[in-house]
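Report on the following structure.
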Amino acid sequence: MIKSAALTGNPNCGKTTIFNALTGSSQYVGNWPGVTVEKKTGKIKSKNVSIDVTDLPGIYSINSYSMEEKISEEYIRNENPDVIINVLDATAIERSFFLTLQLIETGKPLIAALNMMDVIEKEGTIIDLEGMTNELGICIVPISARINKGISELVDNLSNFKELERSPGFNDYIQQINEFKLKGDMSEDKISSFRYSYIKKLISQYVILGEMRSDTTKKIDKVFTNKYVGIPVFLTIMWAIYYISINVVGEMSADIFERMLGSFSNSLGNLLVMIGANEHIISLIIDGVVRGVGAVLLFLPQIMVLFFFISILEDSGYMARVSFILDRVFRRIGLTGKSFIPMFVGSGCSVPGIMAARTLDSEKERKLTIILTPFVSCGAKMPIYIMFAAAFFPKHTHWIIMTMYAIGGIAIIFSGLLFKKIVFKGHKEIFLLELPDYRTPIIRNVMRQVFNRSKTFVTKAGTIIFAGSVLIWFLQGFTPGFRLTDLPSESMLSSIGAFIAPVFRPLGFADWKTSVAFLTGFVAKEMVVATLAVLNGISESGGFELLDSIRATFTPISALSFMVFVALASPCISALAAAKRELNSWKWMVFSVLYQTGLAYIMSMLVYNIGSLFLR
Amino acid sequence: MNRLSDLKPGEKGVIKSIDIDGAIKIRMTQLGITEGETVQVEKYAPLGDPIEISIRGYSLCFRKTEAERIILV
Ligand SMILES: Nc1nc2c(ncn2[C@@H]2O[C@H](COP(=O)(O)OP(=O)(O)O)[C@@H](O)[C@H]2O)c(=O)[nH]1
């Protein structure tokens, strides 16, 4: 009886879709121990089976070159799942079989799921599955995960799993390849060629390729990777995504949410008064928690829409094209087009962005990408930009935000050039990337992705930011001698803020509240807005008049300088932890924080001083 | 000598040898770029580099520096 299974296959083979179909809502998303590659587990539950499924990272082979391959190989060797479910992409069947052969060579029980059958049926391709099954001695289940076809057959085959006989021909192959490996005198690439020559024979025997290959992908690429319009189209798509999520959705949701929050905090206040709560408790709840957490949740709709677009681009196959188009640009700074993906994911959150750097092929690209990715403003910095842009440049919010991204981009280019010359002299990068066919994203997958990512955002609002808001409220309610005070200027917080404030004077904002906001921003970037909301909420009377109080504290120039500092300075503590893990070195991590913060300081000083010359 | 980088979009050739060393060579063979296999150049990126090829029924891209070292029959 099968109790555990590991799901493996090439990138883009449809593994996620199959995993979702198999495990439904029983999924658990975590990390592999010690590393930050996403680990998903779930349970197959049906009539008479209950199987724990672990989703292994998408890989082309198991030779321990990349972290993903190492994880997969070690999992298969050490955890010994009862069966390996190998997903094959029927549209790239030759390449898919390469991993299958390697897996069979390990001698572990294996079942093959041949996915994308709907696509090849349209092409007119015919596969003799029975012949192949008899040849290889593995069960091959045809599947079209997209339309949920074949999933229950896969489950049936898992519950009745038994190992089959190999054909004599395939036994010979296994024997030969084991001899090669044992003798060790055959180079890695010769062994790979040997595998492919066997695959060629297998395909010619059991597959008749159809003639009706769809040319949709080629047609779409005529535009998206076109010599003249490819790059403008890319820029337009990026612009549209930010315009829609920030301006359009932002305007719709901000009003509604703010009113909801206002009336919620009023009725909660009344309720607390009615039940006779202590006035300090009321102030803690309303001024501390509701204000702090609320100010962050206000941005949830915008961030969800942004996550939605990111997922769509990831799922459709366009992302690989962007790497293709931009490789030439990234090469200049010692990276490859693939570094675009970590950086783009980093525009949602730096943590998965830094994690995504694992898919890069060389150590140097990985290090450099990890150091540079935090320059891409993450979703949590968005509320800060939106708030400041709305306070000072309400007509041009999205332009201001685009400018902040552009400044991040300039920092990346500048730093890349610098590092290429100084730190990573003479390294050669590797760029080798599959361009998968375009596929219409599956809404179910996209929504699950949006849900998982938003959950992190909301969880953070409920935990770190909740605790942070309480702490801020507390620190600003007591004097350094632990005496209650109503005057913020007497509070502990103002002493702390005033202590750091001189550091920021050259940047144009020496207010103690702003300094405190920076400190809390180190815990989580959302805390910057939460802190300003809690602190300014106190000095103002009632209502959410955050924007007014920002206008009172900043000038347009110091607001810009502030935003630039936020855009470039050290990321939050979770991103630092991820960077430490991924760089696997304290030295590099500390170096990258000091570098980022130093650059931020210089840039924002420039903005403030040059800006002040023009605008007085 | 006929190199992969000499082909224009749409043209095909058969791989004779791959004069590349190290990790990238191993990666390439794992992805199915092997001697005797037919490749077709699909296109070049808007900025002239990298190159997209199709091989074994799927598309792959890499840089021209690599394409120059893939010798065709
Ligand atoms: N036509 C078709 N498309 C599929 C099928 N399974 C997955 N896809 C699409 O293939 C793409 C990659 O799928 P995904 O599950 O994200 O692959 P992963 O990268 O292996 O996890 C997505 O756009 C899916 O919509 C299938 O059976 N038929």
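For the reader, a short list of remarks on this structure follows.
- Solvent exposure of segment A:4-208 as accessible area per residue, Å², 1.4 Å probe: 42 Å²
- Converting phi to 3J(HN,Hα) with the Karplus coefficients 6.51, -1.76 and 1.60 and the offset θ = phi - 60°, segment A:463-480 yields 10, 4, 6, 4, 4, x, 4, 4, 4, 4, 4, 5, 4, 8, x, 10, 7, x Hz in sequence order, with x at every glycine or proline.
- Relative contact order (%) - chain A, alpha-carbon pairs under 8 angstrom, separation at least six: 12 percent
- Annotation: amide H-H contacts under 5 Å for A:Ala113 (H modelled 1.01 Å from N, sequence separation of 5 or more, or interchain): A:Asn86, A:Val87, A:Leu88, A:Val141.
- Entry comment: accessible area of chain B is 38 Å² per residue, from protein heavy atoms only and a probe of 1.4 Å.
- Cα gyration tensor, segment A:340-431 - rounded (a/c under 1.5), prolate or oblate: prolate
- Taking amide H positions as modeled 1.01 Å from N, with prolines and chain starts lacking one, the residues under 5 Å from A:Thr125 and 5 or more places away or on another chain are A:Gly210.
- Accessible-area value, A:Val470, 1.4 Å probe, nucleic acids and ligands omitted, Å²: 40 Å²
- Values of log10 I(q)/I(0) for the protein assembly as shown across q = 0.09, 0.11 Å⁻¹ run -0.84, -1.15, by the Debye formula with one identical scatterer at each alpha carbon and no solvent.
- Projected-area average for segment A:230-615 over all orientations - Cα convex hull basis, square nanometres: 20.2 nm²
- Ranked by solvent-accessible area (1.4 Å probe, protein heavy atoms only, all chains present), the residues A:Glu314, A:Glu363 order from largest to smallest as A:Glu363, A:Glu314.
- The dipole here belongs to segment A:4-208: it is taken about the Cα centre, uses +1 on the Cβ of Lys and Arg and -1 on the Cβ of Asp and Glu, and is about 320 debye.
- Rounded, prolate or oblate (a/c below 1.5 giving rounded, otherwise prolate when a/b exceeds b/c) for segment A:4-208 by Cα gyration tensor: oblate
- Relative packing of A:215-224, A:177-186, which averages over residues the other C-beta atoms within 10 Å, highest first: A:215-224, A:177-186
- The Rg/Rh ratio for chain B is 0.91, where Rg is the radius of gyration of the alpha carbons and Rh is the Kirkwood radius.
- Positive-end residue of A:Gly317, A:Phe474, A:Leu110, charge dipole of chain A with Cβ unit charges: A:Phe474
- Using C-alpha pairs under 8 Å with a sequence gap of at least 6, the mean separation divided by the residue count of segment B:2-72 gives a relative contact order of 43 percent.
- Of the accessible area of the protein assembly as shown, computed with a 1.4 Å probe over protein heavy atoms only, carbon and sulfur atoms account for 61 percent.
- Applying 1/(1 + (r/R0)^6) with R0 = 60 Å to the Cβ-Cβ distance of A:Ile282 and B:Lys16 gives a FRET efficiency near 0.15.
- Accessible surface of A:Glu545 - all protein chains present, 1.4 Å probe, nearest 10 Å²: 80 Å²
- Degrees, to the nearest 10: A:93-105 long Cα axis against longest axis of chain A: 80 degrees
- Based on DSSP H segments of at least four residues, each scored -39500 (n - 2.57), chain B has a per-residue ellipticity at 222 nm of -3500 deg cm²/dmol.
- Counting only Cβ charges, +1 for Lys and Arg and -1 for Asp and Glu, the dipole size of chain A around its Cα centre is about 1240 debye.
- Dividing the summed helix terms, -39500 (n - 2.57) for each DSSP H run of n ≥ 4, by the number of residues in chain A produces a 222 nm estimate of -19000 deg cm²/dmol to the nearest 500.
- Contact surface A-B: accessible area buried, both sides summed, square angstrom, 1.4 angstrom probe: 3300 Å²
- For A:Asp486 and A:Leu417, a Förster radius of 45 Å and the Cβ-Cβ distance give a FRET efficiency of 0.25, rounded to the nearest 0.05.
- Between segment A:101-142 and segment A:198-231, the alpha-carbon center distance in angstrom: 20 Å
- Note on A:Lys219: aspartates and glutamates with a C-alpha under 14 Å away, same-chain residues under 8 apart excluded, are A:Asp437, B:Glu42.
- For A:Lys367, the aspartates and glutamates whose Cα comes closer than 15 Å to its Cα, not counting residues fewer than 8 places off in the same chain, are A:Glu429, A:Glu582.
- Within the same chain, lysines fewer than 8 places from A:Lys43 are excluded, and of the rest, those with a Cα less than 28 Å from its Cα are A:Lys3, A:Lys15, A:Lys70, A:Lys108, A:Lys149, A:Lys162, A:Lys455, A:Lys460.
- Histogram of C-alpha separations across segment A:276-357, 10 Å bin width, %: 16, 31, 20, 14, 11, 6, 1
- Here the label points at A:Ser612 and A:Asn270, each 7 Å from Cα along the C-beta direction, are separated by 4.9 nm in the simple model.
- Once both labels are positioned 7 Å from their Cα atoms along Cα-to-Cβ, the gap between A:Glu188 and A:Val590 label points is 3.4 nm.
- Net length available on complete extension from A:Ala577 to A:Gln176 is 139.7 nm, with 0.36 nm assigned per residue and the Cα-Cα distance removed.
- Extension gain (nm, one decimal) between A:Asn148 and A:Ile410, 0.36 nm per residue minus Cα-Cα: 89.8 nm
- Rough spin-label spacing in nm, given labels placed 7 Å along Cα→Cβ, for A:Asn452 and A:Lys395: 4.4 nm
- Phi-based couplings in Hz for segment A:380-387 (Karplus 6.51, -1.76, 1.60; Gly and Pro marked x): 6, 7, 3, x, 5, 4, 4, 5
- Beta bridges from DSSP with both residues in segment A:4-208: antiparallel share about 40 percent, rounded to the nearest 5.
- Solvent accessible area, Å² - A:Met605, 1.4 Å probe, full protein context: 60 Å²
- Relative to the longest principal axis of the Cα atoms of chain A, the long axis of helix A:526-539 lies at roughly 20 degrees.
- Cut-off under 5 Å, modelled amide H: who pairs with B:Ser59 long-range: A:Leu435
- Shielding of A:194-203 by partner chains, average beta-carbon count, 10 Å: 3
- The C-alpha atoms of chain A define a longest principal axis, and helix A:573-583 lies at about 40 degrees to it.
- Shown in residue order for segment A:561-571 are the 3J(HN,Hα) couplings computed by the Karplus curve 6.51 cos²θ - 1.76 cosθ + 1.60 at θ = phi - 60°: 4, 4, 4, 5, 4, 4, 4, 10, 5, 2, x Hz (x for Gly and Pro).
- Radius of gyration and maximum dimension Dmax of segment A:147-239, Cα, Å: 22.4, 59
The values are calculated or read from the model by the stated rules, or taken from the named source; none is laboratory data. Bear in mind that the values here come from a model prediction, so they are computed numbers and not experimental data. Reconstructed Cβ throughout: ideal geometry from the backbone, glycine too, with neighbour counts over all protein chains shown. Each accessible area value is taken on the protein alone, full model and side chains, heavy atoms only, with ligands, DNA and RNA left out. Shrake-Rupley method; radii C 1.70, N 1.55, O 1.52, S 1.80 Å.
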